[in-house]
Amino acid sequence: MSKEFAVVTGASSGIGFELARQFAEHGYDLLIAAEDDAIQQAAVDLRRDGENQVVAVQADLATYEGVEKLYAAVLESGRGVDALALNAGRGIGGEFVDGTDLADELNVIAVNVTSTVHLAKRVIPDMVRRDSGRVLFTSSIASTMPGTYQAVYNASKSFVQSFAEALRAELNDSNVSVTSLMPGPTDTNFFHRAEMDDTKIGAGKKDDPAQVAKQGFEAMMKDKEKVVAGSAKTKAQGAMSKVLPDRAKAEMHRKMAEPGSAPSE
């Protein structure tokens, strides 16, 4: 196969779909995955007049079996993965003690943390053996701050951020690059699914997922360590998080994510 081959998770909508579109527009064949059946329509939308191959895998990456199903499809392709975008993720908002269910919190960990490690462990070693490949982790600027009313989500993204930076350091002497994409609030289904429509951040203005994905793709292609992606406001928030003490960031996050904090009409 002359075309490069990319695998993108969480690609049925939002940032994941737009990342897949970036790969498609740059001539990659694709294997895309998500848990919902919208992944099939995403594959149709990403095929460029027969110029590229797009294979869709519907799999619940919160489960061990779901990740193995996706990896089996990678093996079935018979191709080395040139780019891996570990983008699948979800959140849940609310007070940890009384406002969220344990099953939801554990699902966030399973999707954001466990599946990310699992798929990375399957795919990246082959990249290292071939001494070629690019890996993009979708982290978040949430990884830089305590997540008041999003305690488990922010902690999961802190894990992803640390994991990505550690892998980059380990692979420094190889031709496998690792980049971390750090979006801010983005106009996707994330906040609705996280039951945060009544929060200031859920109801507020958000960044364009296409812009976020483009900046992430370009950072990956330039072998950057990380990129705070989105609007100038998001980039300023990312810069501010480097200097604010954690207590101040936790309070700032409270104001954004506290249930019922959305401005009244």
**Asked** What is the set of long-range amide H partners of Leu84 at a cut-off below 5 Å, with H atoms built 1.01 Å from backbone N?
**Response** Val7, Arg134, Val135, Leu136
**By accessible area with a 1.4 Å probe, ligands and nucleic acids excluded, highest first: order of Asp126, Asp173** = Asp173, Asp126
**Request:** For segment 94-145, just run the numbers: alpha carbon Rg, then divide by 2.2 N^0.38 Å, N being how many residues it has.
**Result:** 1.57
**Complete:** For segment 184-253, the percent of all C-alpha pairs falling in each 10 Å bin, from 0 up to the bin holding the max distance, is 18, 41, 35, 6
**Asked** Where does the Debye-calculated log10 I(q)/I(0) of the chain sit at q = 0.10 Å⁻¹, using only Cα point scatterers of equal weight, no solvent?
**Response** -0.47
**Prompt:** Assigning unit charges at the beta carbon (Lys, Arg +1; Asp, Glu -1) and nothing else, what dipole magnitude in debye, to the nearest 20, does the chain show about its Cα centre?
**Reply:** 920
**Message:** Please compute, for the alpha-carbon atoms of segment 75-164, the extent along each of the three principal axes and give them in descending order in Å.
**Reply:** 48, 26, 13
**Prompt:** Using the alpha-carbon centroid of each, what span in Å lies between segment 112-131 and segment 1-49?
**Reply:** 19
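Arrange the residues Lys222, Lys3, Lys214, Lys233 by how much accessible surface each exposes, largest first, with a 1.4 angstrom probe.
On the way: Lys222 140, Lys3 70, Lys214 95, Lys233 160 Å².
Largest to smallest exposure gives the sequence Lys233, Lys222, Lys214, Lys3.
Given 25 °C and 0.890 mPa s, compute D for segment 31-72 with the Stokes-Einstein relation, Rh being the Kirkwood radius over Cα pairs; round to the nearest whole µm²/s.
After rounding, the answer is 230 µm²/s.
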**Residue with peak Gaussian network fluctuation, the chain [Cα springs, cutoff 10 Å], from Lys157, Lys224, Lys242** = Lys242
**Request:** Grab the eigenvalues of the alpha-carbon gyration tensor for segment 1-102, scale each by 5, take roots, and send me the semi-axes largest first in whole angstrom.
**Result:** 28, 15, 11
**Prompt:** Mind checking which lysines have their C-alpha under 20 Å from Lys255, skipping anything on the same chain fewer than 8 residues away?
**Reply:** Lys157, Lys200, Lys205, Lys206, Lys233, Lys235, Lys242
**Asked** Out of residues 5 or more away from Asp207 or on other chains, whose amide H comes under 5 Å of its own, with H placed 1.01 Å from N in the peptide plane?
**Response** Thr186, Asp187
**Item:** In Hz, Karplus ³J(HN,Hα) per residue of segment 30-41 (6.51, -1.76, 1.60; θ = phi - 60°; x = Gly, Pro)
**Value:** 10, 10, 10, 9, 6, 7, 9, 6, 5, 5, 5, 5
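Note the per residue figure in Å³ for the convex hull of the C-alpha positions in segment 92-228.
Working: hull volume 13.8 nm³, N = 137.
So the per-residue Cα hull volume is 100 Å³.
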**Viscosity 1.567 mPa s, 4 °C: Kirkwood-radius Stokes-Einstein D of segment 146-197 over Cα pairs, µm²/s** = 100
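The values are calculated or read from the model by the stated rules, or taken from the named source; none is laboratory data. The model shown is predicted, which means the values in this text are computed figures rather than measured ones. All Cβ positions, glycine included, derive from the backbone under ideal geometry; neighbour counts span all protein chains shown. The accessibility values were calculated without ligands, DNA or RNA, using every heavy atom of the protein model including side chains. Shrake-Rupley method; radii C 1.70, N 1.55, O 1.52, S 1.80 Å.
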